[in-house]
1. Please identify, among LEU133, LEU160, LEU62, the residue showing maximal mean-square fluctuation in a Gaussian network model of the chain using a 10 angstrom Cα cutoff.
2. Looking at the square roots a ≥ b ≥ c of the eigenvalues of the Cα gyration tensor of segment 27-121, which shape do they give, rounded for a/c under 1.5, prolate if a/b is larger than b/c, or oblate?
3. For ALA158 and SER30, what does the FRET efficiency come to when R0 = 25 Å and r is the distance between their Cβ atoms, rounded to the nearest 0.05?
4. Normalise the Cα radius of gyration of the chain by 2.2 N^0.38 Å (N = residues in it) and let me know the number.
5. For segment 89-165, with equal point scatterers placed on the C-alpha atoms only and solvent neglected, what are the log10 I(q)/I(0) values from the Debye formula at q = 0.20, 0.26 1/Å, to two decimals?
6. Would you mind getting the accessible area per residue of the chain, heavy atoms of the protein chains only, 1.4 Å probe, in Å²?
7. Tell me the label-point distance for the pair GLU107, MET75, using the 7 Å Cα-to-Cβ offset, in nm and rounded to one decimal.
8. Using alpha-carbon pairs under 8 Å, 6+ residues apart, how would you state the relative contact order of segment 111-172 in percent?
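The values are calculated or read from the model by the stated rules, or taken from the named source; none is laboratory data. If you're wondering where the values come from, they're calculated on a predicted model, not measured in any experiment. Here the Cβ positions follow ideal geometry from the backbone for every residue, glycine too, while neighbour counts run over all protein chains shown. Quick note on the areas: whole protein, heavy atoms, side chains included, nothing else; ligands and nucleic acids left out. Shrake-Rupley method; radii C 1.70, N 1.55, O 1.52, S 1.80 Å.
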Amino acid sequence: MADGGPSHKRAASPGVTLEVEIVRHGDAWSDEVRDAALEQAARAAVSTAPSLPPGTYQLTLLLTDDGEMRNLNRMWRGKDASTNVLSFPSGEIAATGFLGDVALAAETTRRQAREQDIALQDHVSHLVVHGVLHLLGFDHDDDAAAERMETLERTALASLGIADPYAAGVAP
């Protein structure tokens with residue numbers, strides 16, 4: 001998603017550089033969601049997951065609204081509803097270093113944070129970590145895979161000072 005926006009290089013783990021492009025579509029996302037925190041969450045996910053080979057990697061975070069998210073969900077997953085986060089792995093990590101795209105829907109994310117009584121930035125950070133882990137090949141299709149992914153999420157979020165979102169049975 002090359003709609004512009006800064007690309008930031010940050011070390012994710014030894015020998016790994018992560019470039020995060022943040023693209024904001026529309027005005028649905030407020031200033032309370034900071035780019036630096038989004039980048040930090042993406043780096044935490046990459047640092048927590050089993051090591052990538054040394055190199056430079058890129059990903060895009062798309063901050064959009066429920067309308068666009070609904071269209072993406074319908075087009076790519078056949079589900080005619082918005083969702084909080086979607087991940088689009090590139091499938092070409094070894095060849096290009098591009099991990100893929102993670103899209104977040106403002107209204108759904110904001111509503112969930114309110115319903116779960118957690119800070120919006122903490123919930124957004126969790127969704128970024130969750131989405132980036134999907135880009136790295138993790139999933140939650142069965143109980144064992146879900147437990148492994150949730151353990152990585154807990155570790156990444158703890159490194160950011162964010163409480164365990166699964167302690168209260170809340171999932172992204």
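1. Ranking LEU133, LEU160, LEU62 by mean-square fluctuation puts LEU160 first.
2. In terms of gyration-tensor shape, oblate.
3. Values: r = 26 Å, r/R0 = 1.04.
Efficiency, rounded to the nearest 0.05: 0.45.
4. That ratio works out to 0.96.
5. Values, matching the q order: -0.96, -1.21.
6. Spelled out: the 1.4 Å probe surface of the chain, per residue, equals 48 Å².
7. Here the answer is 1.9 nm between the modelled labels.
8. So the answer I get is 30 percent.
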